[in-house]
1. Of the conditions (1) in a loop (DSSP other than H, G, I, E, B); (2) under 18 Å from the mean Cα position of the chain (by Cα), residue 346 clears all except one; give me its number.
2. State all residues of segment 182-216 that are under 20 Å from residue 307 (Cα atoms), touching a strand residue (DSSP E or B) at 6+ places or on another chain (Cβ under 8 Å) and not in a loop (DSSP other than H, G, I, E, B); if no residue qualifies, say none.
3. I'd like the full set of residues that are closer than 29 Å to residue 247 by Cβ and in a helix (DSSP H, G or I), limited to segment 369-390.
4. Run residue 395 past the list (1) under 30 Å from residue 262 (Cβ atoms); (2) in contact with a strand residue (DSSP E or B) (Cβ under 9 Å, 6 or more places away or on another chain) and report the number of the one that doesn't hold.
5. Is it the case that segment 237-250 has a residue that's more than 30 Å from residue 435 (Cβ to Cβ), modelled with pLDDT of 85 or more, touching a helix residue (DSSP H, G or I) at 6+ places or on another chain (Cβ under 8 Å) and in a loop (DSSP other than H, G, I, E, B)?
6. Checking residue 271 against (1) closer than 14 Å to residue 328 by Cβ; (2) within 28 Å of the chain's Cα centre (by Cα); (3) surrounded by 16 or more Cβ atoms within 10 Å (Cβ to Cβ), which test does it fail?
7. Sort through 265, 312, 299 and tell me the only one that's touching a helix residue (DSSP H, G or I) at 6+ places or on another chain (Cβ under 9 Å) and in contact (Cβ under 8 Å) with a residue 60 or more places away in the chain.
């Protein structure tokens, strides 16, 4: 029996069951057909070592949840016996099924025991199932992989409810935007980053790195070279290498561009104030947040200015083909670009690589989301699905909790303010006021009280 993964609104659940009950009163021929459908093909992914059920009767593809990715999402799965199955968002997977090409797709993470390759997966890659010969066939290359056949009991039938809208279908409509891409040659727009400077080229000496950081630098630079993010340089310019620590403890290699930035003519394009997102929240009830994948890397640097990005390392001199962190005008360049991408979409608030979408209803949100995804696809931008959130009634954005009634401070941020130690000097006081004033939007007479 097929695991029927059909996306529908929560209000249709009862009527769906009624239709299912009516349709189950079939003749013996239909029952025999259904009996045959209990046997399903399973295939193995060499990368994740997961075993996947292959079923064209499933609308979407899912993977089992782990203790590391259990973060509640806006999908509901139901077993045939009515048991609710929790879901935890969407994860991009790149599968190796032994068919000599990669298969990449967003999967719903759920409390299930087996992964499922649904109709979305099979249709996207033109894959065919031959149950009798235990084959998954590539309709493009005619290659096939042998799987194994297992009987699926009726208790394993799963139906999928999305509390809001068909997010997965929206993503599948534009598959390229959820596919990580770092290759500058695939960029679809003509925006470039310019570095106008005053004065003579600046240069620095290569800094020594301890063995651990040197190994990290070698790995990162090999990756960036292979992906054409950087290239070897003969530039007269050079800035020191800086390995910036990210939140997850990993490192981001970039240049220490303090001297270069001091000579760079500033770009005055305005960056929005964080609290400006309130202007799109009037009467809105449902929200999405899109995080752009490697946003700066999607903006090429003008050919004549690449030499100015050169960084000197123990491994040699390299310059960036694409915009790097630490460059003075990089935020202005990207903000100008994302404003152009989303021009005249008044339900959107873009702040650098974070995009907030706010709508008054589920139906309106579906339209809004499709419009945004269409724009991102047109300009060749990529999204970070694991950091994006879709169609929820409350969402964290830029340090605020956004809800249908407006916004409010994040509880943990408020607690940090409440627990802040009593300032003992001017520097402590300035630090405290800086933290407090992040939420000055909610503080009555804040300027007056702080002047006392």
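1. Only one criterion is unmet by residue 346, namely (2).
2. 184, 193, 197
3. Taking segment 369-390 first, the residues closer than 29 Å to residue 247 by Cβ are 369, 372-373, 375-377, 379-390.
Scanning segment 369-390 gives 369, 372, 373, 375, 376, 377, 385, 386, 387.
4. Residue 395 satisfies every listed condition except (1).
5. Initially, segment 237-250 is screened for residues more than 30 Å from residue 435 (Cβ to Cβ), giving 237-241.
Subsequent filtering for residues that are modelled with pLDDT of 85 or more retains 237-241.
Those left that are additionally touching a helix residue (DSSP H, G or I) at 6+ places or on another chain (Cβ under 8 Å): 237, 239, 241.
Checking the rest, the ones that are also in a loop (DSSP other than H, G, I, E, B) come to 237.
Yes.
6. (3)
7. Working: 265 fails: touching a helix residue (DSSP H, G or I) at 6+ places or on another chain (Cβ under 9 Å); 312 fails: touching a helix residue (DSSP H, G or I) at 6+ places or on another chain (Cβ under 9 Å).
Result of the check over 265, 312, 299: 299.
Here is a yes/no grid of residues against (1) surrounded by 15 or more Cβ atoms within 10 Å (Cβ to Cβ); (2) in contact with a helix residue (DSSP H, G or I) (Cβ under 8 Å, 6 or more places away or on another chain); (3) under 26 Å from residue 105 (Cβ atoms):
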site	(1), (2), (3)
349	yes, yes, no
354	yes, no, yes
365	yes, no, yes
381	yes, yes, yes
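The values are calculated or read from the model by the stated rules, or taken from the named source; none is laboratory data. Only a predicted model underlies this, so the values are computations on that prediction, with no experimental measurement involved. Backbone-built Cβ (ideal geometry, glycine too); neighbour counts: all protein chains shown.
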